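Here's the structure, in structure tokens; my notes come after.
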Protein chains: 4
Amino acid sequence: MGNYRTLRRQAFELFEPELGGRVGNYVDWFIMALIAANVAAVILETVDALAVSYGSFFHYFELFSVVVFTIEYVSRVWSSVDNPDFEGPITGRLKFASRPLLIVDLLAILPFYLVVAGFQADLRFLRALRLIRLFRLLKLARYSRAMQSFSVVIEEKKEKLVLAFSSNILLLVLASSVMYYIENPYQPEAFSSIPRAFWWGVATLTTVGYGDVHPITPLGQFVGAIVAMLGIGLFALPASILASGFIEQAGDDDPSGQYCPHCGEKLE
Amino acid sequence: MGNYRTLRRQAFELFEPELGGRVGNYVDWFIMALIAANVAAVILETVDALAVSYGSFFHYFELFSVVVFTIEYVSRVWSSVDNPDFEGPITGRLKFASRPLLIVDLLAILPFYLVVAGFQADLRFLRALRLIRLFRLLKLARYSRAMQSFSVVIEEKKEKLVLAFSSNILLLVLASSVMYYIENPYQPEAFSSIPRAFWWGVATLTTVGYGDVHPITPLGQFVGAIVAMLGIGLFALPASILASGFIEQAGDDDPSGQYCPHCGEKLE
Amino acid sequence: MGNYRTLRRQAFELFEPELGGRVGNYVDWFIMALIAANVAAVILETVDALAVSYGSFFHYFELFSVVVFTIEYVSRVWSSVDNPDFEGPITGRLKFASRPLLIVDLLAILPFYLVVAGFQADLRFLRALRLIRLFRLLKLARYSRAMQSFSVVIEEKKEKLVLAFSSNILLLVLASSVMYYIENPYQPEAFSSIPRAFWWGVATLTTVGYGDVHPITPLGQFVGAIVAMLGIGLFALPASILASGFIEQAGDDDPSGQYCPHCGEKLE
Amino acid sequence: MGNYRTLRRQAFELFEPELGGRVGNYVDWFIMALIAANVAAVILETVDALAVSYGSFFHYFELFSVVVFTIEYVSRVWSSVDNPDFEGPITGRLKFASRPLLIVDLLAILPFYLVVAGFQADLRFLRALRLIRLFRLLKLARYSRAMQSFSVVIEEKKEKLVLAFSSNILLLVLASSVMYYIENPYQPEAFSSIPRAFWWGVATLTTVGYGDVHPITPLGQFVGAIVAMLGIGLFALPASILASGFIEQAGDDDPSGQYCPHCGEKLE
């Protein structure tokens, strides 16, 4: 019982960033590397030549990954009761298991067990499950400061981002509708409806411009030219707002420009 | 008579942002939702499959919308005399009705009544009227802080925006004319005139690059390359000016970056 | 003689921004409008339908424009001796006539006289001359604050712009050369030489992406993907530098942020 | 012996920026011009018409360049012992020769000697060697402040650039994988595997949009539209960070924007 408690305590400390020590560090790096290898496997498995030659390797690697991730998940849940926030053998663990990061951990292994349990309906479903393994990437959120940076920036600039995005959507709706009306009689296929005209609108306003759909009438080209020129102004707004928030935040590790010129105190 | 005045006063308060109370709030949200649903209807109605299956639904929804918007319009005009600025039963109401937002409200319902009154000339006209319903979106201007933000930014940066835009137009005119002269003998179709060469110019300078028109002669490609490299510099200017104005303004409602939190002095 | 001097003095004052008064203002606006109309004429004349229908109108309008511009040019040169900087009936006027703005004025009318004098070699040369009329746009430089803004910004940021542009050229040369080496064996037409590969390089690095030339080999696509991702970073630099200079300058009409927070003096 | 030492000393001073004097300056400019001419030669040699007409010129120019670069390299290494950091006739010179800039110098001439020594395997190898001459451009690093500017900016913003780039890679992996799953059944050629779908992902997220690969299913176009709109936000981040670092640095050598011209206090 003492052993059991010691083991649980050790497992608990292993997964706590401040308590894990050197071994905890190694475990973190191992799991991150395994996640990266999993993503690489999902990507490479779609290359036919590799899928044929290394099919069994991919299969055993998936087995190995699921075993490791399952041990990680069970250890986390089992040892969570050592955290004063999650006391109580069942209620505490359930509370712990319903946190977003733990749900991601569960989703990263659940599909495998569903397939093993015989829940697969057809091949298409199986292929989707393979892809879902990509969402193991989300497990990285636990270790990533990037996600935190982004969520801070998006939180700070939320109001302006919503404003910029809704202006974009408005411009997209108006531009695509007008273009549908102009081009539909001449290109009934490409501009068969306003939703289909959105495809042209997005390609133009983001300046991607695949070229599969574009106005061919003089009036359509005139409107399209104006839309394109407005587009680079409005569709750059969210990017600029995001970038300005990101760059302001970047200032945090650059002490110059951080202090009030009047009283000398550190700002923000 | 007392009843009549009370009712008119209630209608007046309903549409005044500060006086409407909770009911006024519900009315605002209802009208905004109805506008959004109208835009969705206009968009979806152009999908043939939906137009066939749900034609009558779209028809009745349009009827319902026009009735609501008509009631809203009439109530606003009728109750406007309770505003000291628009006194006088006829002159006051006419003055009120000629304000831009009210004209938008009228335009949002007028086409329907024109059609009902038998003014439609042909099918093409009818289709245009359907599309005009999209401009009901402009009714949102009343509720939107985004429009105000934009108009403030554009007002502030007007001079620089005009400068940047006129430089863009100048570059567009020069680039398209030179390209017309170079490419016309080899692509008499795509570069049949300078106005048609504008289509290439806009696609290149905005970096949309559909690919339907592009220089094929070595000299044309050389000039096109220089134009493209200048283009990303000059055509990004309006976007950057707009974004900088927008980001500066963003600071206005975010006091933390405007005043030193320690000494309270305004920063920069 | 007194009359002659008075007339010359009047002509001189007419073209001096500070001395011209209301009539000088009208003359300025008239010449600016005439330049705009000339540009419109050059553009519209290339539309075959218009050239046929309104050919004689375009012809007479050109005659009229040349007459006006010639009177303007002669008046400026003739009256220049009233400026103390250009004394001396011949040396002063020659010195005045060799200033850049006056040379532009001369070039705006010279081609016409060359044609009249029978110097045209062939039709191709004639067409080029028509286009050269577009450079009458440069006459606007005299009235334009935009040109001044740009030259100030470019002067201020010269060093960084040169740096950014040379990095771009370096990346373009390296990317195109490597892509030539990779793709030449598989697309001997599109990548027939490094200079031709530049066309792909510019289209990719500016993100125009016409799509007429793109790598088709896996290695070429891998290199192309890296080049495209580097490109948006490096090729946005000149635009950002230009925009930041332009926006800083924009601060001039916005007094806040213009004063030193330490001593309160106006900054630059 | 005195002569030998004087000569070595002169050679040493010639290549030291602070000691070279006017002659050293001429040598620097000559080597820079030769590097530029070499790059031009490599580029022009790939144009068949020029390669045929001027083949022997290109050949002798290459010989001449290698001779000059060899003399430069040998002089640098030979005279390096005059630098107190690299004392000792053999160990000092070896230490000097293993510095990055000297290795670049060696790589700029080595391929020529390998070919002369008969190491060439086949024509393909020979062509690669020709191209490698382009890396003589790297010799410019010695003279270039641009490289230093970039390395300073990249060093300063390293953490944020890594963050932005890894977010981009993440978005690219997720977008391409999802698109592969959606489009593969309908375009088995263009979306044959996730690595191939990356080509679409990069073209879309960088907004290059060649148009050779794009979704054709409604769901694929819907996802593609969202990816494109997210892409301009995220893929502009590295460019914005780089530009902001570059623009901040620009201020460093432009004191007017760094210090108040009136009281001399540092601004911001």
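The values are calculated or read from the model by the stated rules, or taken from the named source; none is laboratory data. As the structure is a prediction and not an experimental result, all values here were calculated from the model. Note that each Cβ is placed from the backbone with ideal geometry, even for glycine, and that neighbours are counted across all protein chains shown. Side chains included, ligands, DNA and RNA excluded: accessible areas come from the protein's heavy atoms. Shrake-Rupley method; radii C 1.70, N 1.55, O 1.52, S 1.80 Å.
Side notes on the structure shown:
- Per the accessible-area calculation with a 1.4 Å probe, the total area buried between chain B and chain A rounds to 4100 Å².
- Charged side chains reduced to their Cβ positions (Lys and Arg at +1, Asp and Glu at -1) give the stretch B:2-138 a dipole of some 200 debye around its Cα centre.
- Listing of the stretch B:140-185 residues, each with accessible area lower by at least 50 Å² in the full protein assembly than in the chain alone (probe 1.4 Å): B:Phe150, B:Glu159, B:Lys160, B:Leu163, B:Leu170, B:Leu174, B:Tyr181
- Distance in nm between pseudo-label sites at D:Leu107 and B:Arg142 (7 Å out along the Cβ direction from Cα): 6.9
- Full-stretch length increase - B:Lys158, B:Leu63 - with 0.36 nm per residue and alpha-carbon distance subtracted: 30.0 nm
- The angle between the Cα long axis of helix C:158-183 and the main principal axis of chain C comes to about 40°, on a 0 to 90 degree scale.
- Placing pseudo-labels 7 Å out from each Cα toward the beta carbon at A:Thr70 and C:Ser151 gives an inter-label distance of 7.7 nm.
- Ordering of A:85-92, C:127-134, D:157-164 by packing [mean C-beta count within 10 Å, highest first]: D:157-164, C:127-134, A:85-92
- Nearest-0.05 FRET efficiency for A:Ile132 and D:Ile90, computed from C-beta distance (R0 60 Å): 0.45
- Global geometry of the stretch C:117-248, whether rounded, prolate or oblate, following the gyration tensor of its Cα atoms and the 1.5 cut on a/c: oblate
- Rounded, prolate or oblate (a/c below 1.5 giving rounded, otherwise prolate when a/b exceeds b/c) for the stretch B:29-161 by Cα gyration tensor: oblate
- Between copies, the label points at B:Ile132 (set 7 angstrom from Cα along Cα-to-Cβ) are spaced 5.2, 5.2, 7.3 nm, reported in nanometres from shortest to longest.
- Of all chain D residues, the closest to the D-onto-B rotation axis by Cβ, with that distance in whole Å, is D:Gly211, 3.
- Between D:Trp29 and A:Ser53, the distance separating the two model label sites (each 7 Å from Cα on the Cα→Cβ line) works out to 5.7 nm.
- Virtual paramagnetic centre 7 Å along Cα→Cβ of C:Leu7, amide N under 16 Å, in the stretch C:61-75: C:71-75
- Cβ neighbours within 10 Å from other chains - mean over C:128-139: 2
- Amide proton proximity set for D:Thr46, modelled H, under 5 Å, gap of 5+: C:Ile194
- Take every Cα pair under 8 Å whose residues are at least 6 apart in sequence, average their separation, divide by the length of chain C, and the relative contact order is 14 percent.
- 5 angstrom amide H check on C:Asn184, placed H, neighbours 5+ away: none
- If R0 equals 22 Å, the separation of the Cβ atoms of A:Val116 and A:Leu44 corresponds to a calculated FRET efficiency of about 0.45.
- Phi-derived couplings, Karplus 6.51 cos²θ - 1.76 cosθ + 1.60 at θ = phi - 60°, listed residue by residue for the stretch A:86-100: 10, 6, x, x, 9, 4, x, 5, 5, 4, 5, 5, 9, 6, x Hz, with x used for Gly and Pro.
- Copy-to-copy label separations for B:Leu114, where each label sits 7 Å from Cα toward Cβ, in nm and ascending: 5.4, 5.4, 7.6
- Placing +1 on the Cβ of every Lys and Arg and -1 on the Cβ of every Asp and Glu, with nothing else charged, gives the protein assembly as shown a dipole about its Cα centre of roughly 1240 debye.
- Net charge of the neighbourhood of D:Val68, taken over other residues with C-beta under 12 Å away and scored Lys/Arg +1, Asp/Glu -1, is -1.
- Accessible surface for the stretch B:156-253, divided over its residues, is 34 Å² per residue with a 1.4 Å probe.
- From phi via Karplus (6.51, -1.76, 1.60), per-residue ³J(HN,Hα) for the stretch A:106-113 in Hz, x at Gly/Pro: 5, 4, 6, 10, 4, x, 4, 5
- FRET efficiency, B:Glu16 to B:Ile216 (Cβ-Cβ, R0 51 Å, nearest 0.05): 0.20
- Sorted from closest to farthest, the other copies place their B:Ser53 label points 4.8, 4.8, 6.8 nm away, with each point set 7 Å from Cα along Cα→Cβ.
- Within straight-line cross-link reach of D:Lys157, lysines at Cα separation under 29 Å, skipping those fewer than 8 residues along the same chain: A:Lys139, A:Lys157, A:Lys158, A:Lys160, A:Lys266, B:Lys266, C:Lys157, C:Lys158, C:Lys160, D:Lys139, D:Lys266
- Share of carbon and sulfur in the accessible heavy-atom surface of chain D [1.4 Å probe, %]: 67
- Chain B: angle of helix B:2-14 to the longest principal axis, Cα-based, in degrees nearest 10: 30
- C:Tyr73 sits with roughly 40 Å² accessible to a 1.4 Å probe, with DNA, RNA and ligands left out of the calculation.
- Taking amide H as placed 1.01 Å from N in the peptide plane, D:Gly209 has its amide H under 5 Å from the amide H of D:Thr204, each at least 5 places away in sequence or on another chain.
- Helix D:123-132 and the longest principal axis of the Cα set of chain D meet at an angle near 80°.
- Cα gyration tensor shape for chain D, rounded if a/c is under 1.5, else prolate or oblate: oblate
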